[in-house]
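First comes the structure, then the notes that go with it.
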Amino acid sequence: MTAEAALRSPREIRRARYLGITYLVLSGFVLWFFGIGSWGEGIADFGMARPTDTFDWIPSLPVPAAAFAIGVAVVFAFMGGVQLVRGFGRWQNRILAIAFILFIFAFLGWAAAGQSFNLVGMLRTAVERSTPITFGALAGLLGERVAVINIAIEGQLLAGAFAGALVASITSNAWPGVVAAVLVGLFFGWVLAVLAIRYRVDQIIIGVVINIFVLGLTSFLTARILAPNPHLNRGIKLNSWRIPGLGDIPVIGPIFFDQTIFVYASLILVAVLAYTLFHTRWGLQARAVGEHPRAADTVGINVYRYRYLNVLLGGAVAGFGGAYFTIGTVGRFDENMTTGRGFIALAAMIFGRWHPVGALSAALIFGFADALAGKLGILQTGIPSEFLLMAPYIATLVVVTGIVGKARPPAADGQVYVKE
Amino acid sequence: MMRRRLALVALLAVFGLVVAACGDDDGGTTAAPTTTAATTTTAAPTTTAAPTTTAPPETTTTAAPIAAKICEITDVGGIDDKSFNETAWRGMELARDQLGVEVAYLESQAATDYRPNIDAFVNEGCELIITVGFLLANDTALAACDYPDQKFAIIDQQPEFYPGSPWADADGNPLCDFSQVRGLTFATDEAAFLAGYLAAGMTQSGVVGTFGGINIPPVTIFMDGFVKGVRYYNELNGTDVQALGWNPDTAEGLFTGNFESLDDGRAFGENLNDEGADIVLPVAGPVGLGTAAAAQERGFLVIGVDADQYLTAPEFAGVWLTSILKNMDVAVLNTITNVLNLGSVGNLYVGTLANGGVGLAPYHDLEGTVPADLAAAIEQIKADIIAAGGLAAFLTS
């Protein structure tokens, strides 16, 4: 209460107090709704393997729902107490994450009390569903790190999905489809780059126009070319590929290592970008361009070249991510099949504080909420299905606005740079 | 510099909007002249072969090439959705080929398109406007009041008058005279009941599943019949087959919330499969194709809806156990025939097992795997439902 407390600013103290009260309220909520609510409902049975897994005999995990919820309530009460008295200091966000996970499990226990559901299957779906959002968010942050706002992610995803399905069908091979998706993404990245950097048009407007244009163009081509020629939309796809060895690990294997190539690629790309953006010369210079282009220019960094390069890269990443929607899941293209995932990706980028790992985490939260909604529909919890469908968006909204605190975009974000 | 910049963006924006408009809305109307030109000339003489009409046959023979224009407005999901919109459109194509009418369609990209599409077709002088889908009821009702002479037919809806109905005011009184509006409804649960019985008899894991697009009656009636069919099988054979994804008692279940995202269809299919379901019934138009893709990869079976999806989506041929047919084409053709021959839309149409408006598609490739006694039992139940005069009567008897 002495040295550490003295170092905290009034704002931090206020935030810690709010959090403490929130923990106490949550404690009461969990105790009342999940603890008392599932009292006598029996055991929630969490399946830990899928019928198709190598170790399909792994026993399920029985959780006594009411007892677990009461335990969580006690932990929350303790956290609230500590938070109010002295705070967790730099552990605050980690404790918050743990609290979040505990809350989810208490909720799951309540929902599944007396029933069973497949936890591993749900987590696998969460990872899979987060993939296009991760790609979109990476595309967005590549641009914004050099101060070019990319609202056109949705359009680039959709264009990639279309090109992927079309070329894969023509060549009867998924890989040329993937290449085509990347090239089309690259093209729309180029359109954005030229208009934003060379002609200095408002970046938001360009993004919106590209989105409308791609939606219209793909719908038009679907109606005129794909519909009368079913052989151009045949559903060529890449099935999931279980990595030998890793994919056989119980629980972890099916979640992370029995996925499509797109999921692996997104995880690798996150690692590569997290390293290159923050630990290489290229990353440092790119970020300098995004924070203070004039200063970067002064020390001899070619601002325009960095902006072109990153926006083009972002387009290629989004195009590749778009191929997930066709080649990565169902093969077929249908109108507007990205259904707004590109905009969720923007939110994920902001929530992830313009950091690749953060973006991945945000995408995973959305994917998790999405997969959870699917399970709750089966479990018949009494929550209306319309509300369940809102859950992923509400989760995104809550984390973006509330929990994360203030996120700071690159200082020059969205501003044009005119070399003197 | 500034001027050039703006001009460039304006050009791109305009181009984008034009292409968007072409792709979305005008697609049908511009397509219509080319298709009709090819058919009107050849089709007219053969009109006497028109099937299942309510009209006396002698009137059709006197009909020379008819210039009537019949127009369809789709719900979202596109005219080529392999199920819902496409089946209705096939009825239009049949009418074009058999009756020599001119046909056109407009696709709705969003709910805000419904009314503008209706207005556009009224202005084009369409003899009959067919609105495809429950969700178009509000706009169809209001348009029917604004244009009392315009004939309408609406699929999955009928003018009904109770407080809260799109056809009535707050007190449940009709908004106006709806004698020019024909409801085309389907007792889909009769066919879905057979599919549920079949699925319960075919499952290896003892679990089957279903999910829908949106929680609205024309969707849930499939799920309802399906689950009841499973329950009936359990009752009759002393089994305990579980049906996931819909509870007829609470009217809640599993929904994707859209009719567009095929990725949702795949995820929901895998979700149900993870819970042990080895036969899945997706009731969400093209979204079900995503489920079929998942089924092909993982090796479970899917039941199609609306059309015989073994035929409309042959790339997934091996996974369709059967399809619950909702023969909207029959209903559409019947209505068009009425309009041409009687000058009116006719009374409410209800598709049933008895009149062939709904049905179960053949098993195709899986014919050999369906046990003969199961197939026979389904035929018997079908006959019993027809004899009882409906599913409700059958279940209470």
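Residue check: is B:GLY265 of a type outside the set (Val, Ile, Thr), under 21 Å from the mean Cα position of the chain (by Cα) and at the interface with chain A (Cβ under 10 Å from one of its Cβ atoms)? Yes; evaluated as a whole, the condition is true for this residue.
Of all residues in the stretch A:363-382, exactly one satisfies the criterion of being facing chain B (nearest Cβ under 8 Å), hydrophobic (A, V, I, L, M, F, W, C) and farther than 14 Å from A:ILE104 by Cα, namely A:ILE378.
The condition of being more than 21 Å from the chain's Cα centre (by Cα), farther than 30 Å from A:PRO410 by Cβ and buried (at least 18 other Cβ atoms within 10 Å of the Cβ) holds for only one of A:GLY253, A:GLY216, that being A:GLY216. Just checking: which of the helices (runs of 4 or more DSSP H) contained wholly in the stretch A:329-398 hold 1 or more residues that are surrounded by 24 or more Cβ atoms within 10 Å (Cβ to Cβ)? Passing ranges, in order: A:341-351, A:356-379. Being surrounded by 24 or more Cβ atoms within 10 Å (Cβ to Cβ) and within 14 Å of chain B (Cβ to nearest Cβ) is a condition met by at least one residue of the stretch A:312-322.
Per-residue answers, yes or no, for (1) touching a residue at least 60 places away in the same chain (Cβ under 8 Å); (2) among the hydrophobic types (A, V, I, L, M, F, W, C); (3) under 23 Å from B:PHE178 (Cβ atoms):
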position: B:GLY100; (1), (2), (3): yes, no, no
position: B:SER108; (1), (2), (3): no, no, yes
position: B:LEU135; (1), (2), (3): yes, yes, yes
position: B:ILE154; (1), (2), (3): no, yes, yes
position: B:GLN158; (1), (2), (3): yes, no, yes
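Of all residues in the stretch B:236-262, count the ones that are aromatic (Phe, Trp, Tyr) and within 7 Å of chain A (Cβ to nearest Cβ).
So the first thing to find is which residues in the stretch B:236-262 are aromatic (Phe, Trp, Tyr), and the list is B:246, B:255, B:259.
Applying the additional criterion that residues be within 7 Å of chain A (Cβ to nearest Cβ) yields B:255.
The total comes to 1.
With the requirement that a residue be facing another protein chain (nearest Cβ under 8 Å) and either crowded, with 24+ Cβ neighbours inside 10 Å or at pLDDT 95 or above (or both), what does the stretch A:192-209 give you? Of everything in the stretch A:192-209, those that are facing another protein chain (nearest Cβ under 8 Å) and either crowded, with 24+ Cβ neighbours inside 10 Å or at pLDDT 95 or above (or both) turn out to be A:ILE206, A:VAL209. In the stretch A:150-158, is there at least one residue being of a type in the set (Gly, Ala, Ser), assigned by TED's automatic domain parsing to the domain that holds A:THR326 and in a helix (DSSP H, G or I)? Scanning the stretch A:150-158 turns up at least one residue that is of a type in the set (Gly, Ala, Ser), assigned by TED's automatic domain parsing to the domain that holds A:THR326 and in a helix (DSSP H, G or I). Against the list (1) in a loop (DSSP other than H, G, I, E, B); (2) closer than 21 Å to A:ASP370 by Cβ; (3) facing another protein chain (nearest Cβ under 8 Å); (4) not charged (D, E, K, R), the condition B:SER205 fails is (2).
The values are calculated or read from the model by the stated rules, or taken from the named source; none is laboratory data. All values derive from a computational prediction rather than experimental measurement. So basically every Cβ, Gly included, is an ideal-geometry build from the backbone, and we count neighbours across all protein chains shown.
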